[in-house]
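What follows is a short report on a single structure.
The values are calculated or read from the model by the stated rules, or taken from the named source; none is laboratory data. As the structure is a computational prediction, the values presented were derived from the model and not from experiment. Virtual Cβ from ideal backbone geometry, glycine too; neighbours counted across all protein chains shown. Please note that ligands, DNA and RNA were not included when accessible areas were found on the heavy atoms of the full protein model with its side chains. Shrake-Rupley method; radii C 1.70, N 1.55, O 1.52, S 1.80 Å.
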Amino acid sequence: GTVSSLKGKNLYLAFGKNTKFNGDFNIEGLPNIDETYIHFDIKNLTTSRSDLQTIQVPPFEKDKRLEVPANIGKFGVMKFKGKIDGLINDIAAYGTLSTAIGNLNADIGISNLSDSKKTIAYHGKIKTNKLNLGVLLDNKDIGTVSMNVNLSGKGFTLDDLEAKMEGDINQIQFKNYPYSNIKITGDFKKRLFNGKFESRDPNANLDFYGSASFVNKIPELD
C-alpha cells in the first residue's frame, strides 16, 4: 500500500554519476506529492543537472522525468550544505552552494510557476563570491560578481529575466574591468533596467537614476 510518513537519520544515498546525499530527512503527506511537506537537514549533497533529469515524478506510469532548466547545467557538479523545507513546487533553501562557476550563500524560496514555460521563480537573500554571472546569463561582456542582495524574480537569461534587486555589489566585472563599491535598487525586465545605483569605483564615481536598455549592442541610458 501507500506510505504517508517517511523519516531518515544519518542517511547515505547515492545514484547516477554525481549524486550523493548525507543527512536527515522527514517527508509527511504522501502519496499526494503536491501536498507533501519535505524537510532535509543536509550535511552534504552533491548532484548535477544530468542526474536530476533522470528522477521519475508522478504519474510514474507515464515515465515522466524531473524538468530542470538548461542553465542549471552551467553550474556543473553542485555541492550543497544546509536545510531545505516546503512543498515540492514551493520550497525554501538555506545554506551554501558550491558550483563550477562560483559559490553562493542563500536564504531563498523557490517555486515552479504554472505558466507555459514552467518558469522557476525565486525570492530571498543571496550572497555570492566571484560567481561567473556572465556564464549563467550567456553574456560575454559580464564576468564574475561578488554581491550581497535581496532578490525576487523569475528567469535565468537576459531575455526572460524579470527581477527586483536591492543591496550591495562589492565587485562586478564588465568588459574585463572589475567595478567595485556599488549600491543598487531596481527592476530588471527583459534586458531593461529601471532604478538607481551609486558607484564609488575610481573609474565610475557616479549616481545614476533612470533606465538602461541592453536590447541593442550598445546600451542606451536615460
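A few notes on this one:
- HN-Hα J in Hz across the stretch 49-55 - Karplus 6.51, -1.76, 1.60, θ = phi - 60°, x for Gly and Pro: 4, 4, 5, 4, 5, 8, 6
- Alpha-carbon centroids, the stretch 188-222 and the stretch 53-104: separation in whole Å: 32 Å
- Dipole magnitude (debye, nearest 20) for the stretch 159-222, charges at Cβ of Lys, Arg, Asp, Glu: 140 debye
- Surface composition of the chain: carbon plus sulfur atoms hold 54% of the accessible area, using a 1.4 angstrom probe and ignoring ligands, DNA and RNA.
- Surface per residue (accessible, 1.4 Å probe) for the chain, Å²: 62 Å²
- Of all the options Leu30, Leu97, Leu131, the one that moves most in a Gaussian network model of the chain with Cα springs shorter than 10 angstrom is Leu30.
- With all protein chains in place and ligands, DNA and RNA left out, the 1.4 Å accessible area ranks Asp90, Asp168 as Asp90, Asp168, largest first.
- Entry note, the chain: the mean residue ellipticity at 222 nm calculated from DSSP H runs of n ≥ 4, each adding -39500 (n - 2.57), is -500 deg cm²/dmol after division by the residues and rounding to the nearest 500.
- Using Cβ point charges alone (K and R +1, D and E -1), the dipole size of the chain about the Cα centre works out to roughly 700 debye.
- Note on Glu220 and Lys196: the extension gain reaches 7.1 nm, defined as 0.36 nm multiplied by sequence separation minus the Cα-Cα distance.
- Cβ-placed point charges (K, R +1; D, E -1), dipole of the stretch 115-222 about Cα centre in debye, nearest 20: 300 debye
- The modelled label-to-label distance for the pair Ala70/Asn176, using points 7 Å beyond Cα in the direction of Cβ, is 2.9 nm.
- Taking a ≥ b ≥ c as the square roots of the eigenvalues of the Cα gyration tensor, the chain is classed as prolate, since a/c reaches at least 1.5 and a/b is larger than b/c.
- Rounded if a/c under 1.5, otherwise prolate or oblate - the stretch 60-175, Cα gyration tensor axes: prolate
- Here Phe15 and Leu206 are evaluated by their C-beta separation; at R0 = 35 Å the FRET efficiency comes out at 0.10.
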